Amino acid sequence: VNKVPKLTGAKNGIPAYALVRHEPSNVAVEAFRGLRTGMRFTLAARSAKTIMITSCAPADGKSFVSLNLAMINATLGTRVLLIDADMRRGKLGRNFGVTSKQAGLAQVLAATHTDPKTGLDFIGTGSRPPNPAELLESTSFSDLLSVLSEKYDLIIVDAPPILAVTDAAIIGQKTDITLMLVRHLVTTKPQLQSALKGLELAGITPAGAIINQYDMNKSRNGQYSTSYGYH
């Protein structure tokens, strides 16, 4: 996904953060369209509906990608649900006018909120619970995903960074597909290796990687292509 200069350092929740909603002609949105197309084949091949998106570290742009990838799929009329599963720091609700005081994932069975422009449904984190890992590991969360899978064509779960807390390893065991987000020229090879090892220990093999904040000018010398191996 191409770098969006005006979002550098911007807070989750500003209007421009939902790029698909506010700037559908932006070059980065075209990258999301390409990702959507490629993702369809993987989903179809695996008869999959649920996707977890995680990253190595905070500020890699994971929530930005989750939000806009969900929105670009919803614009096709597909029944899409976005779940903010970062019950420690999640702030995606700001993009839907939803506060942490409203019902959300922490309450397990929650009312969904719909974005009127794209038709995307959203479940926020709800109030910050003292035991997010235990809630995610419960059968209630598994049952919730199972029930929701009957209603939606696609469910995208925005999970915390894998190197920060154990939550992503738990969520990834309950979703069909895991995608690893890599921040262009920022995520280090040791970070990526550690993240993949953490997922591997949980029995999770990512279906692929998303390169975020791609800076074409800084890539002409091949800096990125020689820095990472992903298999």
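The values are calculated or read from the model by the stated rules, or taken from the named source; none is laboratory data. Quantities reported herein were computed from a predicted structural model and do not represent experimental measurements. So basically every Cβ, Gly included, is an ideal-geometry build from the backbone, and we count neighbours across all protein chains shown. The protein model used for the area step is the full one, side chains on, heavy atoms only, and it has no ligands, DNA or RNA in it. Shrake-Rupley method; radii C 1.70, N 1.55, O 1.52, S 1.80 Å.
Descriptive notes on the structure:
- Cross-link table Lys3/Lys91; Lys91/Lys218; Lys91/Lys117, entries beyond 27 Å C-alpha to C-alpha: Lys91/Lys218
- Whole-percent carbon and sulfur share, accessible surface of the range 14-62, 1.4 Å: 61 percent
- Percent accessible area from carbon and sulfur atoms, the range 141-205, protein chains only, probe 1.4 Å: 50 percent
- Oblate is the label for the range 10-71, because a/c, from the alpha-carbon gyration tensor with a ≥ b ≥ c as root eigenvalues, is 1.5 or above and a/b does not exceed b/c.
- Near Leu76, once Lys and Arg are set to +1 and Asp and Glu to -1 for all other residues with Cβ below 13 Å from its Cβ, the sum equals +3.
- Aspartates and glutamates whose Cα lies under 18 Å from that of Lys197, excluding same-chain neighbours fewer than 8 positions away: Asp167
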